[in-house]
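S.K.: Shown below is the structure under consideration.
The values are calculated or read from the model by the stated rules, or taken from the named source; none is laboratory data. Everything quoted here is computed from the prediction, not taken from an experiment. Quick reminder, even Gly has a Cβ in these numbers, built from the backbone with ideal geometry, and neighbours come from all protein chains shown.
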Amino acid sequence: MTRAESLAEQIEDSIRTQGLAPGALVGKMDELRSQSGYARSTVSEAVRLLRDRGIIEIRPGRNGGLFVAESDPIVHVRHTLLRLREPAARVADAVVVRDALELQVNLDAAEHRTDDDLRDLDALVSRMGRHVDDFTSFMRANWALHERIAAISTNELLKAVYLATCAQVADVAAAELDDDAGERDEYIGSRLRIHEDLVASIGSQDPDAVYAAVLAHRDGGTTSSYLPPAG
């Protein structure tokens, strides 16, 4: 468990112990940093984890800060999935779920994308390209791209489950590749090209192009459910 994850659990336990209701003030970033003794980056990551789990919401401004989030069943689903991190069997399950949802997420994006969406996706692919020599930054840009693609979908449950399972898979993949610099460099080069094609397929709004791009994204998988219908 990282320091950020540990701090996030401490804050969540404190909210539960105090019985704070939705909308109640949890604190401000500077207060959390002072109380915990952690660096700003660690506190920021802990806050991001809590926000993604639907535990807190961040309000800007003079009277802003961190507040207990309103209960949302979709966020609760995502929170539950994000807590299932460690056992390898669960990660393998996450891969299966992610792969099953990948096609629909990208088809939704192709159907509903706007010109603004495409500009954002192109910018994120360019960001990946700028970080081919920095694995951590590359993976962050990769994750941001998939998060932005999923955001185009109008299916909130699909987005919640997809993003949570992607997070599980990404954590394990990053840890494994970090041990082998040669494999990591090869991975970055191939994944950049694949993501460029994925974004291009979304821009084309051609279902066949999306099918092909999703298959390539899954490293050339040939699962029959991903093949386009005959005719």
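S.K.: Inspect region 144-153 for any residue being modelled with pLDDT of 85 or more and either over 18 Å from the mean Cα position of the chain (by Cα) or not in a helix (DSSP H, G or I) (or both) and give the result as yes or no.
M.R.: Applying the first criterion (modelled with pLDDT of 85 or more) to region 144-153 yields 144-153.
The next check asks that each one be either over 18 Å from the mean Cα position of the chain (by Cα) or not in a helix (DSSP H, G or I) (or both); those that pass are 153.
Yes, region 144-153 has at least one match.
S.K.: Being in contact (Cβ under 8 Å) with a residue 60 or more places away in the chain and under 21 Å from the mean Cα position of the chain (by Cα) is the filter here; which residues of region 204-218 pass it?
M.R.: Scanning region 204-218 gives VAL210, ALA213, VAL214, HIS217, ARG218.
S.K.: When you go through (1) assigned to a helix (DSSP H, G or I); (2) out of contact with any Cys (no Cβ under 9 Å at 6 or more places or on another chain); (3) at pLDDT 75 or above one by one for VAL169, which number turns out not to apply?
M.R.: Exception for VAL169: condition (3).
S.K.: Output the number of residues of region 32-51 satisfying the condition of being out of contact with any Lys or Arg (no Cβ under 7 Å at 6 or more places or on another chain) and either within 25 Å of TRP143 (Cβ to Cβ) or in contact (Cβ under 8 Å) with a residue 12 or more places away in the chain (or both).
M.R.: Qualifying residue count for the region: 12.
S.K.: Here's another thing I want to ask about it. Note down all Cβ pairs under 6 Å where the first residue falls in region 100-125 and is in the same structural domain as SER137 (by TED's automatic domain parsing), the second is among the aromatic types (Phe, Trp, Tyr) and surrounded by 14 or more Cβ atoms within 10 Å (Cβ to Cβ), and they're at least six residues apart or on different chains.
M.R.: Sorted first by the residue in region 100-125, then by its partner, the pairs are LEU101/TYR162; LEU103/TYR226; VAL105/TYR162.
S.K.: While we're looking at this one, here's another question. Filter region 36-59 for residues that are farther than 15 Å from ASP13 by Cα and outside any loop (DSSP other than H, G, I, E, B) and give the result. Step through it out loud before you land on a result.
M.R.: Residues of region 36-59 farther than 15 Å from ASP13 by Cα: 37-45, 48, 52, 57-59.
Those that are farther than 15 Å from ASP13 by Cα and outside any loop (DSSP other than H, G, I, E, B): ARG40, SER41, THR42, VAL43, SER44, GLU45, ARG48, ASP52, GLU57, ILE58, ARG59.
S.K.: Identify the residue in region 128-143 that is more than 14 Å from the chain's Cα centre (by Cα) and closer than 13 Å to ARG191 by Cα and, among all such residues, is surrounded by the most Cβ atoms within 10 Å (Cβ to Cβ).
M.R.: By that ranking, first place goes to MET128.
S.K.: Can you name the residue in region 98-129 that is of a type in the set (Asp, Glu) and touching a helix residue (DSSP H, G or I) at 6+ places or on another chain (Cβ under 9 Å) and is also farthest from LEU157 (Cα to Cα) among such residues?
M.R.: ASP122
S.K.: Related question: So in region 5-42, with the set limited to residues that are under 25 Å from ALA160 (Cβ atoms) and hydrophobic (A, V, I, L, M, F, W, C), which one is surrounded by the fewest Cβ atoms within 10 Å (Cβ to Cβ)?
M.R.: ALA21
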